[in-house]
Structure formats: structure tokens, C-alpha cells
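Just so you know, all these numbers are worked out from the coordinates, no wet-lab data involved. Note that the structure is predicted; figures quoted are calculated from it, not measured. Cβ placement follows ideal geometry from the backbone for every residue including glycine, while neighbour counts extend to all protein chains displayed.
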Amino acid sequence: MRIVLPQGATLKGRVVDAASRAPVVEAQVELDSVTSSGANAISLVLTDANGEYALEGVPARGPFSVRVRHEDYMAKIVSGLDARGTGSARADIELRMLDDGGSREELTGIGAMLSVSSSGVTIAGIIEGGPAASAGLQQGDVIVRIDGENAKELPLADCIQRLRGPVGTRVSVGVERDGQVIDVTMRRDIVVR
């Protein structure tokens, strides 16, 4: 018997400075280990003189996230990437310069930090000013549904991936608090932490 494992897909793109649109040279691009896995993924690639990169071995099925870092810029997590059907995907990424003593990372999502508890995937913290805070979600809420799907059956990484996504897209979340289920719909937004 011969088993053939899929080789994965390729993610290509360009990393630029958000203000000047100049290429960011030697930015690190890698799969976000919290939400993505790829047995054949190259662990890390650097952008070239034009800010271009090609990350091979990314998941060929389902959404995945990448993390982009450079010492002069805020790190950024780009989510909702998908190479299904084509074997490749493209993500052009803008990085913002670091502020003195300011935030170090930018991502798109609802602005909630998650953890696993005996009750399931739980909100461990809320980022002030983010969609989760505006919707009234609280630390300790247990996520029971995401876009109508039973979240109690999902691992932490899948819950995180489903809550992240492009700016302005909607996500419906059901949380359990004090024995009651509360349903809220939020628009994903840029969250800086």
C-alpha cells in the first residue's frame, strides 16, 4: 500500500510599508502556529529586495493564517487565507511602523483572547475598543456557537481561525454566561495589541 500526502499550496505576495508603500526588505513571513499547520511548510521565509515572498507548503484545504514580522514594524497576523482549488493564494500585506512604546502586533478579528477551560473555549480577555468589547462580551464567557456551528466540538485553533477574518466581515457568536446563551453579531475589525 502506498500513501501519498498532499504537498500543500504556495502563498505568494508582497510586504510593503503602509504609509509609503515602499517594499519591506527581509520581513519574516511564516504560518501562524496557533491557527495553522502544514506538515510540509517551510517554517519561515524572508522578503526580497522588492518585498516579495513565496511560502511553500501552506495548507491546501481550509483557511490559514500567516504572521509577518520585521524589527521596525508592528507584527501582523493575516487570517482567512485559502488556497483551495488553485494550489496557491496571494496576500499583499501592509505593515505599520512601530510606535515608541506602543503596540507590537496587529490582526483582524473580534478583539478577544481565547483559552481552553473545563467548560470549553473561553474568552480569557477582551481588547479594549475592539468588536467584542463593543458587543458586550466578557472575560469568562464560554463560546458555544460561531456562525451557527457548535463551537463546543471545535478545537481552540479552529475557533480562533473562525473569529478572525477580513475587515468588515460579520461573525455571529453565541456565548454562555451564567447559564444563559447570548447571541451577538460583530463586524471584524483591525485589533492592535
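Structure summary
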| read-out | value |
| --- | --- |
| Distance between the stretch 68-112 and the stretch 175-193 - C-alpha centres, whole angstrom | 22 |
| Formal net charge of residues neighbouring GLU52 (Cβ-Cβ distance under 9 Å; K, R +1; D, E -1) | +1 |
| Value of relative contact order over the stretch 99-185, rounded to a whole percent, pairs C-alpha under 8 Å and six or more apart | 25 |
